[in-house]
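Below you'll find the structure I mean.
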Amino acid sequence: MQGVGSPYAGNVWKFYAFRALTHFQLWLPIWVVYLTDERGFSLTQVTALDAPFWALMVLLEVPTGAVADRWGRKVSLSLGALLYTVTIVGFGLAATYWLVLASYLLWAVAWTLFSGADAAFLYDSLKAMGREAEYQKLYGRAWAVDSVASVVGLLIGAPLAAATTLWFPIVLSGAFIFLAWLVTLTMREPPRHEGEPLGYLSNAKEAARIAWRAHEVRYLLLLSGSSVAVAVSTFILVQPFLVHHGVSVEHLGWFGVPGHVVGIVAALNAYRLAAALGVARVVLLLPLLPAFALSALGSIDHLAAFTFYPLLSFLWGLSQPVVSTYVNERIPSAQRATILSFGQLVMSLLIAPLEPAMGAVADEFGLLAAYRLGLGALALLAFPMAVLWLRAHRAALRSVPEVALAG
């Protein structure tokens, strides 16, 4: 089998272990309730915390992606895991609004260090073994690992919080992220430069030039970023939605399971779906899935409407393997992490105003109105990008026999 005996073979299972430990988070089913009940914040205050969080993500996405391209994917992942450990422990112990905000800002730094570097680490490790054709399948498995770990965290975290306190599962989660940091220390940095490495700023500029000139890459990053931004902004309303409809804290975790199972199915079968339907049809699902879900959530004021939330999880599980594969095949390795970070940058830029706006609307006018706001944002942002991407994708297929810019 190709890659057997390679010094980079261990990177694959270590990457899975890293993803599992960073996603096995006991705070997942209760973190919004923790802020509203334990710390006494309103939903408007909770979502307002995310405005500086996502704004900082916007500022740091490309610089931290360039860090991974310049000094190494392993370095970026390791530093991110260490900061994430401090963040989660601080979040669970923070007794004031300003301390919680400080933990959010550290959180943003940690996440941007992961963003782009993780996908680039796996792709370049596989490329070093001559197995890059397996990337979409193996990255889909990584997202399935994420979802399985999250499901276990959901099922344990909620009853643990009910049996102890709302802050205890949060602080305990920091231990698992610390283990993820230890895993990064054992990883082997994959080769990433076809030629001489560029300086930090030169590499970032070159990445921006490549992404902008490749129209199909540019519009796909805008399309996926805007579609996922609306989905993420909607996810923060899950716990308020369930509490509003009478679900108790100890049962919150169970309601998260179907969505994660759907996400697992989507991630594991993304490459099959792309092969069966074609990449274009799968990409067009990115705005259609949240549009259908938000139409239902914005119309039905009943617990049964929660059955539409898994569609957003399907989008989440599907988007990353499909989008990152499409982009990876069209960009050079030296700028890979930076260009992949552009999609996260778009997402962060849009979430920064949208999520607080949805929280304020939910407080003032109710959850139905908040979901309708999300639907309006999707129609305004994602659907035009879908049209532009499809046009650019077809033009690229007509004009370039070889889709990949880098082998």
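In this structure, does residue 265 turn out to be assigned to a helix (DSSP H, G or I), within 22 Å of the chain's Cα centre (by Cα) and within 27 Å of residue 31 (Cα to Cα)? Outline the logic, then answer.
Details: assigned to a helix (DSSP H, G or I): yes; within 22 Å of the chain's Cα centre (by Cα): yes; within 27 Å of residue 31 (Cα to Cα): yes.
Yes; evaluated as a whole, the condition is true for this residue.
Does the stretch 362-373 contain at least one residue that is crowded, with 21+ Cβ neighbours inside 10 Å, touching a helix residue (DSSP H, G or I) at 6+ places or on another chain (Cβ under 9 Å) and small (Gly, Ala, Ser)?
Here is the first cut: in the stretch 362-373, the residues crowded, with 21+ Cβ neighbours inside 10 Å are 362, 367, 370-371, 373.
Filter again for touching a helix residue (DSSP H, G or I) at 6+ places or on another chain (Cβ under 9 Å), leaving 362, 367, 370-371, 373.
From the residues that got through so far, the ones that are small (Gly, Ala, Ser) too are 362, 370.
Yes, there is a match, as at least one residue in the stretch 362-373 is crowded, with 21+ Cβ neighbours inside 10 Å, touching a helix residue (DSSP H, G or I) at 6+ places or on another chain (Cβ under 9 Å) and small (Gly, Ala, Ser).
Being touching a His at 6+ places or on another chain (Cβ under 9 Å) and aliphatic (A, V, I, L, M) is the filter here, so list the residues in the stretch 124-150 that pass it. Step through it out loud before you land on a result.
Going residue by residue through the stretch 124-150, those that are touching a His at 6+ places or on another chain (Cβ under 9 Å) are 145-150.
Passing the criteria: 145, 148, 149.
Based on what the data block shows, is residue 399 modelled with pLDDT under 95, surrounded by fewer than 21 Cβ atoms within 10 Å (Cβ to Cβ) and of a type in the set (Ser, Thr, Tyr)? Spell out the reasoning first.
Numbers: modelled with pLDDT under 95: yes; surrounded by fewer than 21 Cβ atoms within 10 Å (Cβ to Cβ): yes; of a type in the set (Ser, Thr, Tyr): yes.
Yes: the conditions hold for residue 399.
Within the stretch 277-379, considering only helices (runs of 4 or more DSSP H) that don't extend past its boundaries, which have at least 2 residues that are at pLDDT below 85 and within 17 Å of the chain's Cα centre (by Cα)?
Details: elements: 279-297, 309-328, 336-365.
In the stretch 277-379, 309-328, 336-365 are the helices (runs of 4 or more DSSP H) which contain 2 or more residues that are at pLDDT below 85 and within 17 Å of the chain's Cα centre (by Cα).
Can you find even one residue in the stretch 242-256 that is in a helix (DSSP H, G or I) and out of contact with any helix residue (DSSP H, G or I) (no Cβ under 8 Å at 6 or more places or on another chain)?
Initial filter on the stretch 242-256 (in a helix (DSSP H, G or I)): 242-244, 249-256.
If we keep only those that are out of contact with any helix residue (DSSP H, G or I) (no Cβ under 8 Å at 6 or more places or on another chain) as well, we get none.
No.
Using the structure shown, decide if residue 115 is farther than 30 Å from residue 251 by Cα, at pLDDT 90 or above and among the polar types (S, T, N, Q). Break it down stepwise before answering.
Details: farther than 30 Å from residue 251 by Cα: yes; at pLDDT 90 or above: no; among the polar types (S, T, N, Q): yes.
The answer is no for residue 115.
Follow-up. Tell me, which residue of the stretch 179-202 that is surrounded by 20 or more Cβ atoms within 10 Å (Cβ to Cβ) and not hydrophobic (A, V, I, L, M, F, W, C) is modelled with the highest pLDDT? Full working, then the answer.
Initially, the stretch 179-202 is screened for residues surrounded by 20 or more Cβ atoms within 10 Å (Cβ to Cβ), giving 180-181, 183-184, 187, 190, 192.
Going one step further and asking which of them are not hydrophobic (A, V, I, L, M, F, W, C), we end up with 184, 190, 192.
Values: 184: 96, 190: 88, 192: 67.
So, considering only residues that are surrounded by 20 or more Cβ atoms within 10 Å (Cβ to Cβ) and not hydrophobic (A, V, I, L, M, F, W, C), the one modelled with the highest pLDDT is 184.
The values are calculated or read from the model by the stated rules, or taken from the named source; none is laboratory data. No experiment lies behind these values; they were computed from the predicted model shown. Counting neighbours? That spans all protein chains shown, and the Cβs are built from the backbone with ideal geometry, glycine included.
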